[in-house]
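Report on the following structure.
The values are calculated or read from the model by the stated rules, or taken from the named source; none is laboratory data. Everything numeric here is computed off the predicted structure, so don't read it as measured data. Virtual Cβ from ideal backbone geometry, glycine too; neighbours counted across all protein chains shown. Ligands, DNA and RNA are stripped out before the accessible areas are found, and what is left, the full protein with its side chains, is counted by its heavy atoms. Shrake-Rupley method; radii C 1.70, N 1.55, O 1.52, S 1.80 Å.
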Amino acid sequence: MVFLPRFYFTLVIAILLALASIWVPGGMALSLSLTLLLTCAVLADVVLIPREALRVRRNVPTVLRQSQSFTVELTLLNQADRPGRFQIVDSPPVEFTGTAHRFSIRLEPRKETRHGYPLKSYRRGSFSFGAVFYRVTGPLGLLQHQGRIDLPQPVSVLPDMTGEGSRDLQLALAGAFQAGRRRSARRGEGSEFESLREHQRDDDFRHIDWKASAKRGKLISRQYETERDQRLMILLDTGRLMSPKIGAYRKLDYAINACVHLAQVALHKGDLVGYAIFNDEMLAFAEPQKGHAQLSHFVRNLTALQPTRLESDYAALFHRVMRSCSRRTLIVCFTDLGDAHSANTLLQAALPLMPRHLPVIVTVSNSEVLAVTKKAPANEFEVYRHVAAAEIWNDYQRTLRGLRSRGVATVSVPAQELSTSAINEYLRIKETARL
């Protein structure tokens, strides 16, 4: 039981009357009467307060999307024969954001009432809702009975499939099913003609069908089918370099979303997709396969993934990939180039992949550092900040140039553009027959 302010207020008055009896005749009698009345009222509240009166059901999706709001609906039933005033506290996972899970409500007898409140999670993983705690006020308002209803309910938060910059991403996903129509022209293999269409500005002039153009009086290009059954390996670094936050998300979160979107597009286009998740050891590995089951398995492995403080072992990773992939494979590695040592380690590990395989390093460029270098410093502190940012940015660009000069393709874009740029790079590689 929990005593309420009304009880303490009445008790203080009784005490003051007892003290005042020294100067006021009859004060003690009034104090004793008030105390007796208060005791009877408390006993009445104890007897009349409804116990075990509340029944609660919670309705919440079992599978959620990272950063997307959802509503938790509580169905409340007052089983008592009289109305009750309840204070209710639900127990969502502490990683979720939202403050409306504490509320007060008046429940009519024998009637169900629904109450919803919004939540959001910026973290992926498996979580669980806990118990519902409540207090019900007695009819005289002197005390409350408190109780607990256990309602364990597991939920999974999957990677965000829209994310920031979703408009450009949706355009890229839509265009992915039209782009990349040239069939890979390996030695000994030709191109498979699909159809004719009107010539567009970016079309290769070698694809112009001059006979069809002469008949129709305008330029007509030949369209070729995209080669299917090519191989893609998606490598995801979860080491220390993927821990920093950019806005509400870590670099790893942006990379995970890009991995899922890239796998979607590649599987839709008929390619085989494999993946490796690593830091200083291999956390998960799957050889290239087709089918939505592969994508589902990939997403399940990504759900609870969190960055670590460990240094990633690129050499062991690429050695495993080379042993598993005998055919030419596009190897897309999502990582970060935090310093010259890490970048040099990555380069030395990636060089043995070529020329048999085609490695692509995808990183998140630090747009905040770039913004500092472009802003004119206004005071001495900003001068030091500007110099430090310029040094970091120049080292980063020098690392990228070093990778490209050794034949390793790179994609370095702001976090919000990561998914779109990774998809477009994959499509460009297919268009230019590099696989």
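Every residue, every condition in (1) out of contact with any Leu (no Cβ under 6 Å at 6 or more places or on another chain); (2) closer than 18 Å to Ala340 by Cβ; (3) of a type in the set (Asp, Glu); (4) in a helix (DSSP H, G or I), yes or no:
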{"position": "Ala376", "(1), (2), (3), (4)": "yes, no, no, no"}
{"position": "Glu382", "(1), (2), (3), (4)": "yes, no, yes, yes"}
{"position": "Ile392", "(1), (2), (3), (4)": "yes, yes, no, yes"}
{"position": "Thr410", "(1), (2), (3), (4)": "no, yes, no, no"}
{"position": "Ser421", "(1), (2), (3), (4)": "yes, no, no, yes"}
{"position": "Lys430", "(1), (2), (3), (4)": "yes, no, no, yes"}
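For the condition open to solvent by 30 Å² or more (accessible area, probe 1.4 Å), touching a strand residue (DSSP E or B) at 6+ places or on another chain (Cβ under 8 Å), modelled with pLDDT of 85 or more and not charged (D, E, K, R), Ser412 qualifies. Considered as a group, the residues in region 264-288 that are closer than 12 Å to Leu330 by Cα and of a type in the set (Gly, Ala, Ser) include one that is surrounded by the fewest Cβ atoms within 10 Å (Cβ to Cβ), and that residue is Gly274. Annotation note: Cβ proximity below 9 Å between a residue of region 12-37 that is open to solvent by 100 Å² or more (accessible area, probe 1.4 Å) and a residue that is not in a helix (DSSP H, G or I) (sequence gap 6+ or interchain) occurs for Leu30/Ser21; Leu30/Val24.
Checking each residue in region 278-297 for being in contact with a helix residue (DSSP H, G or I) (Cβ under 6 Å, 6 or more places away or on another chain) and under 20 Å from Leu418 (Cβ atoms) picks out Phe278, Leu295. Could you tell me whether any residue of region 63-81 is under 30 Å from Thr303 (Cα atoms), open to solvent by 30 Å² or more (accessible area, probe 1.4 Å), in contact with a Phe, Trp or Tyr (Cβ under 7 Å, 6 or more places away or on another chain) and assigned to a loop (DSSP other than H, G, I, E, B)? No, every residue in region 63-81 fails to be under 30 Å from Thr303 (Cα atoms), open to solvent by 30 Å² or more (accessible area, probe 1.4 Å), in contact with a Phe, Trp or Tyr (Cβ under 7 Å, 6 or more places away or on another chain) and assigned to a loop (DSSP other than H, G, I, E, B). Here the condition is being modelled with pLDDT of 90 or more, basic (Lys, Arg) and farther than 28 Å from Ser121 by Cβ; of Arg222, Arg231, Arg206, Arg216, it holds for Arg231 alone.
The residues in region 85-120 that are within 30 Å of Ala255 (Cα to Cα), touching a Lys or Arg at 6+ places or on another chain (Cβ under 9 Å) and in a strand (DSSP E or B) can be counted, and the count is 2. Could you check, for region 99-108, whether at least one of its residues is surrounded by 15 or more Cβ atoms within 10 Å (Cβ to Cβ) and hydroxyl-bearing (Ser, Thr, Tyr)? Among the residues of region 99-108, not one is surrounded by 15 or more Cβ atoms within 10 Å (Cβ to Cβ) and hydroxyl-bearing (Ser, Thr, Tyr), which makes the answer no.
Is it true that Leu143 is in contact with a helix residue (DSSP H, G or I) (Cβ under 6 Å, 6 or more places away or on another chain), open to solvent by less than 10 Å² (accessible area, probe 1.4 Å), more than 29 Å from Ala304 (Cα to Cα) and not hydroxyl-bearing (Ser, Thr, Tyr)?
Yes: the conditions hold for Leu143.
Annotation: of all residues in region 330-349 being open to solvent by less than 10 Å² (accessible area, probe 1.4 Å), aliphatic (A, V, I, L, M) and modelled with pLDDT under 90, the one that is nearest to Leu272 (Cα to Cα) is Leu346. Residues in region 244-263 that are on the phi < 0 side of the Ramachandran plot, open to solvent by 30 Å² or more (accessible area, probe 1.4 Å) and among the small types (Gly, Ala, Ser): Ala248 only.
Among the residues of region 45-57, is there at least one that is open to solvent by 30 Å² or more (accessible area, probe 1.4 Å), in a strand (DSSP E or B) and in contact (Cβ under 8 Å) with a residue 12 or more places away in the chain?
Just the residues of region 45-57 that are open to solvent by 30 Å² or more (accessible area, probe 1.4 Å), to begin with: 46-48, 51-52, 55, 57.
Now drop any that are not in a strand (DSSP E or B), which leaves 55, 57.
Then keep just the ones that are in contact (Cβ under 8 Å) with a residue 12 or more places away in the chain; that gives 55, 57.
For region 45-57, residues open to solvent by 30 Å² or more (accessible area, probe 1.4 Å), in a strand (DSSP E or B) and in contact (Cβ under 8 Å) with a residue 12 or more places away in the chain: present.
Restricting region 359-384 to residues that are crowded, with 20+ Cβ neighbours inside 10 Å and not β-branched (Val, Ile, Thr), the residue that is nearest to Pro414 (Cα to Cα) is Ser365. For Arg323, the criteria (1) among the basic types (Lys, Arg); (2) in a helix (DSSP H, G or I); (3) surrounded by 14 or more Cβ atoms within 10 Å (Cβ to Cβ) hold in every case but one, which is (3).
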